[in-house]
Structures are given as C-alpha cells and as structure tokens.
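The structure appears below as structure tokens.
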Amino acid sequence: MKKTVTIFPQYASSQISVFAGPILLAGTKHGECQSVIRKLQFAEELDLIPDPSNEYDNTAVKVCTKKGLFVGWVPGQNEAIFTALMKGITLKGITAEMLLPNKDYDFYNVKIQVFKIDNPEKKITVLPVLKLANRDYDDRSRIYIKAQKIAVDNNLDWDKIYNQLKDCYTDSLFLLKLSKHFDIR
C-alpha cells in the first residue's frame, strides 16, 4: 500500500518545483552521520547550506536536518545547487530513498531530492487539527485537555492560547477563538 506524503506544507504547491535529484549524498560514513541517517524519516525536510570555505571543495553544500544535525554533503558534480544557493535562491531537500548496508557498501546512506521554493517568505498558515466528537462540545474541560495536548505536541504557546480562551462566556465565542489556533473538525 502506497503512502501519500505532503512535503513542505508551509508553501503552496505552485511555489515548489523539482530542482535536482535524486542525489546520493557523499561523506555519510564519517562522524555522527550514520546515527543521524538511521533516524531519518522518508520525505523528511533537510536544509542545504553552502560551504565555500570547505578545504576539499569550494562549492561544497552541507545537508543538515531541521534540528541542525549533519547528514552529509551534496557531491561536487552538483555545482548548480551551490551556485543557486549563493545567488539567494531557496532550495530545500527531502529524503527520497534510504539505503541500507549491502554487499557493495557497509554503511547507511541516503538519496535526497532537491526542490526550489519560489517566494519562500510567502508561507501558508497550517493549523494543527483538533478533532472533537459531538460529546466534546458539551464539556469545555474535555476540549481544553485535547487542545492542550495538541498545542504541546505542535510547540504552540499553550499559556497564551489558554489566556485568550478563559474569559469566553459563550460557547460560540469560545469555539471562534479556539479556531484561530486549531483546525477544528
């Protein structure tokens, strides 16, 4: 069964285009790369960072997770990626294929797909989903508990959200204010 994955949900699909790939990363056998690669998820977003001061390749591009963990290097024959990044073009990578150790090589590796993002400053606001059952609408405390869990899971400021909700005297005003922070379904 195929799984559908949404990449770069913060951008409209018209802003995203394939730039290069899939590309097998280089330098993944060294340092902490192996433990980082084993934890990567399929279609995980990756940052591409030009490194013109690299002593081995002045067109080097580092690949890191969103948390800044080093994954590997874009191989030198992909100078177009370095050039685009140096011109200020926004490029992002995603993990396209995870390669397990086999008879040809004894380490984990990853192939990435590189995408160009047009107008990266124009982002779509994606609200976390708050699923409510019919019985939830009669019990604000149940809604608070569900909303708090989703807020914490999505790194939202729960105290700020709670302070906006606590003085709502009507259910309709409560749900209206809640809908500014969550996609209520």
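None of the figures in this text is laboratory data; all of them are computed from the coordinates on show. This one's a predicted model, so the numbers in the text were calculated from it and none came from an experiment. Quick reminder, even Gly has a Cβ in these numbers, built from the backbone with ideal geometry, and neighbours come from all protein chains shown.
Numbers for the structure displayed
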quantity	calculated
Directionally averaged shadow of the stretch 31-159, computed from the convex hull of its alpha-carbon atoms, nm²	12.2
GNM flexibility winner over the chain from THR90, THR170, THR65 (Cα, springs under 10 Å)	THR170
Per-residue HN-Hα couplings for the stretch 107-120 [Karplus 6.51, -1.76, 1.60; θ = phi - 60°; Hz; x = Gly/Pro]	9, 7, 8, 8, 9, 10, 10, 10, 10, 9, 10, 7, 6, x
Length-normalised contact order of the chain in % [C-alpha pairs under 8 Å, at least 6 apart]	23
The stretch 50-110 - convex hull of alpha carbons, volume per residue in Å³	114
Vicinal HN-Hα couplings computed from phi for the stretch 170-185 (Karplus, 6.51 cos²θ - 1.76 cosθ + 1.60; Hz; Gly/Pro x)	10, 5, 5, 5, 4, 5, 4, 5, 5, 5, 6, 10, 9, 8, 7, 10
Ranked packing of 100-110, 171-181, most packed first, by mean Cβ within 10 Å	171-181, 100-110
Potential extension, LYS111-LEU176 segment - 0.36 nm per residue separation minus Cα distance	19.0 nm
Separation of alpha-carbon centers, the stretch 140-185 and the stretch 47-79, rounded to whole Å	41
